[in-house]
Amino acid sequence: MDPYYEARVRRVNDAPERTDGCYVLYWMQIYRRLDHNHALDYALHQAKELNKPLVVYEGLKLSYPWASERLHRFILEGMQDNAAAAKKIGLNYWPFVETPHDSGRGLLRRLAADACLVVTDDFPCFIIPQQTAALARHTDTPVVAVDGNSIVPMANLGAPVSAAAHLRLRLHRAFADAWPRRAAAKPRFAETVPRRVTPPFRPWQAEDLTRFLAKLPLDRSVPSVPGKRGGSAAARTQLRAFLRRRFRGYAEERSPPMPPDEGHASGLSPYLHFGHISIEEVVQSALRAAGADGRRGLNPELAGKREGFYGDDPDLNSFLDEAITWRDVGMHWMWHRQADVSQLDSALPPWALATLRKHETDPRPLLYSLEEWEAGQTHDPLWNAAQRELVATGTIHNYLRMLWGKKVIEWSKSPDEAYGVLVHLNNKYALDGRNPNSYSGILWCFGLFDRPWGPERPVFGTVRYMSSENTARKFRLGEYYEYIESLPTIAEVRGT
Ligand SMILES: Cc1cc2nc3c(=O)[nH]c(=O)nc-3n(C[C@H](O)[C@H](O)[C@H](O)COP(=O)(O)OP(=O)(O)OC[C@H]3O[C@@H](n4cnc5c(N)ncnc54)[C@H](O)[C@@H]3O)c2cc1C
């Protein structure tokens, strides 16, 4: 195998090689798709080598943190798409969804026991690392985790960085090598043993998702978002609509808060988070839309610069700087920390921690409780609007997301309390939450990947400050407020 590719592969246990298993199992935990998927490519490769069929297992339990109807529906819609795609190509795709009548206890271990090898996603966040480690501990079958997080393997990106600028340079230098080695757009399922394997359980099937979801004990105060479908088909529709209508203008116009259909952001982060679309496909489509191909047209002399590296198109460069540099900054940071984000003390750079601690006892102009934050009941109409967008739609405008985070710091008793509130709200309501970029984004508000800014202020010290008044001066917010007014209120959404 290509040594470059090996950089993605990690043996999780030291169970000896097995050839007596019935299949190679790909346990799809987060990159929930059947194309452009490094872990799936690796599983296919191993199945071919071992002359065994491939089985893809995609599970959904009821008890993951922040489980809700919203997250469940989005994931299940993805599973419906995967089931349809697998049927077309004759792939052994085994979806399992926990219900009150069938907990699926021990199922994965049973599937692993019959496998020659278990391959899974090496995602550095949420419950995934612990789930992977737990299976690896309890099975005699080798477990291998594959880093399919981005275009350049995390292992090739070197030590952690303190600023995006440092990783940008490494990413640019590695891009030309990594791009031709991206995951297969069309994995060659036909080249593995095409044997049907009978699952030892009844794979999930639900024609009517609404009825199915109604039977599950889920948090209904975070309901599904009308019109926001999960799955690979919806992800592609979102990508196409973005490239056709909103990509032009991205460099200049992404920041002003606008209704999502009129602003220039892609709205792809929920799909990237659940793996319904790959970063490779997003980047490839953006390159194509800009008339580039990721090889010719690169400007290596501009490596490390925000503009110009991917070609002469400013919208392309700006979009890829977010989708590659900034997304990977969070991924790479989490990769090296492996879930050590439970508290500010271990998550923040020393300068940010010191200045926040110095100002920890400064009087706060106002204080809100979690319930008030959650209900969008602050004195600040812009903060409340951003919170309403988050609760009603599961997304939040990027610029306002920064302001939203900063204000929670300003109006909370302590930075630690603010951090807890932000992690809770973001991960509970945001479709793209529970991701490395959730933590890097929230912690950016506390100074991570930023630098000290003067003048030193109460509460923030030298951590960058943002204000709603400046935001209102900087942008015309009329259309955004109109859009927010068109959404159900937070009380309506939460049924309170
Ligand atoms: C307080 C706070 C919380 C955040 N929580 C999350 C989160 O839970 N999940 C999440 O994916 N991002 C999070 N971000 C980063 C950023 O806000 C979102 O990635 C972005 O708004 C997603 O919208 P989009 O897909 O339309 O982005 P686009 O502008 O279209 O960008 C394309 C892609 O690039 C990546 N990207 C863009 N901006 C950033 C950024 N600043 N940091 C990292 N990656 C970026 C995303 O994958 C995004 O889908 C957070 C930022 C802040 C300040």
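The values are calculated or read from the model by the stated rules, or taken from the named source; none is laboratory data. None of these values were measured; they are calculated from a predicted model. Virtual Cβ from ideal backbone geometry, glycine too; neighbours counted across all protein chains shown.
If I ask for residues that are within 23 Å of residue 281 (Cβ to Cβ) and under 25 Å from the mean Cα position of the chain (by Cα), which ones from the range 35-56 would you list?
Listed by number, the residues that qualify are 35, 36, 37, 38, 39, 40, 41, 42, 43, 44, 56.
Pick from 325, 378, 355: which is assigned by TED's automatic domain parsing to the domain that holds residue 279, touching a residue at least 12 places away in the same chain (Cβ under 8 Å) and of a type in the set (S, T, N, Q)?
The unique qualifying residue is 325.
Residue by residue through the range 422-439, note down the ones that are surrounded by fewer than 23 Cβ atoms within 10 Å (Cβ to Cβ), within 11 Å of the ligand (Cβ to nearest atom) and farther than 16 Å from residue 270 by Cα.
423
Of all the residues that make up the range 264-295, how many are assigned to a helix (DSSP H, G or I) and over 25 Å from residue 396 (Cα atoms)?
Total satisfying the criteria: 4.
Could you please let me know if residue 263 is over 26 Å from residue 31 (Cα atoms) and either touching a Pro at 6+ places or on another chain (Cβ under 9 Å) or among the small types (Gly, Ala, Ser) (or both)?
yes
Could you say which residue among 444, 411 is within 14 Å of the ligand (Cβ to nearest atom) and aromatic (Phe, Trp, Tyr)?
444
Can you tell which of 352, 323 is in a helix (DSSP H, G or I), more than 23 Å from residue 273 (Cβ to Cβ) and within 16 Å of the ligand (Cβ to nearest atom)?
Of the residues listed, the single one that is in a helix (DSSP H, G or I), more than 23 Å from residue 273 (Cβ to Cβ) and within 16 Å of the ligand (Cβ to nearest atom) is 352.
Can you tell me which condition residue 475 does not meet? The list is (1) more than 25 Å from the chain's Cα centre (by Cα); (2) within 16 Å of the ligand (Cβ to nearest atom); (3) over 20 Å from residue 254 (Cα atoms), and all the others hold.
Checking residue 475 against (1) more than 25 Å from the chain's Cα centre (by Cα); (2) within 16 Å of the ligand (Cβ to nearest atom); (3) over 20 Å from residue 254 (Cα atoms), the one that fails is (3).
Looking at (1) within 16 Å of the ligand (Cβ to nearest atom); (2) out of contact with any strand residue (DSSP E or B) (no Cβ under 9 Å at 6 or more places or on another chain), which is the one condition that is false for residue 465?
(2)
Within the range 271-285, how many residues turn out to be within 10 Å of the chain's Cα centre (by Cα) and of a type in the set (Gly, Ala, Ser)?
1
Pick from the range 270-288 the residues that are hydroxyl-bearing (Ser, Thr, Tyr) and crowded, with 22+ Cβ neighbours inside 10 Å: which of them is nearest to the ligand (Cβ to nearest atom)?
That would be 271.
Can you tell me how many residues within the range 391-408 are assigned to a helix (DSSP H, G or I), closer than 23 Å to residue 74 by Cβ and more than 10 Å from the ligand (Cβ to nearest atom)?
Residues meeting the conditions: 3.
Considering every residue within the range 453-464, establish whether at least one is more than 19 Å from the chain's Cα centre (by Cα), under 16 Å from residue 386 (Cα atoms) and assigned by TED's automatic domain parsing to the domain that holds residue 373.
Among the residues of the range 453-464, not one is more than 19 Å from the chain's Cα centre (by Cα), under 16 Å from residue 386 (Cα atoms) and assigned by TED's automatic domain parsing to the domain that holds residue 373, which makes the answer no.
Restricting attention to the range 62-79, which residues are within 23 Å of residue 23 (Cβ to Cβ) and not aliphatic (A, V, I, L, M)?
Correct list: 78 only.
Please verify whether residue 183 is among the hydrophobic types (A, V, I, L, M, F, W, C) and either within 30 Å of residue 481 (Cβ to Cβ) or surrounded by 20 or more Cβ atoms within 10 Å (Cβ to Cβ) (or both), treating the condition exactly as stated.
yes
Only one residue in 49, 77, 58, 17 is at pLDDT below 95 and not in a loop (DSSP other than H, G, I, E, B). Which one?
None of the other options fit; the residue is 49.
So how many residues does the range 289-317 have that are of a type in the set (Lys, Arg) and within 16 Å of the ligand (Cβ to nearest atom)?
The number of residues fulfilling the criteria is 1.
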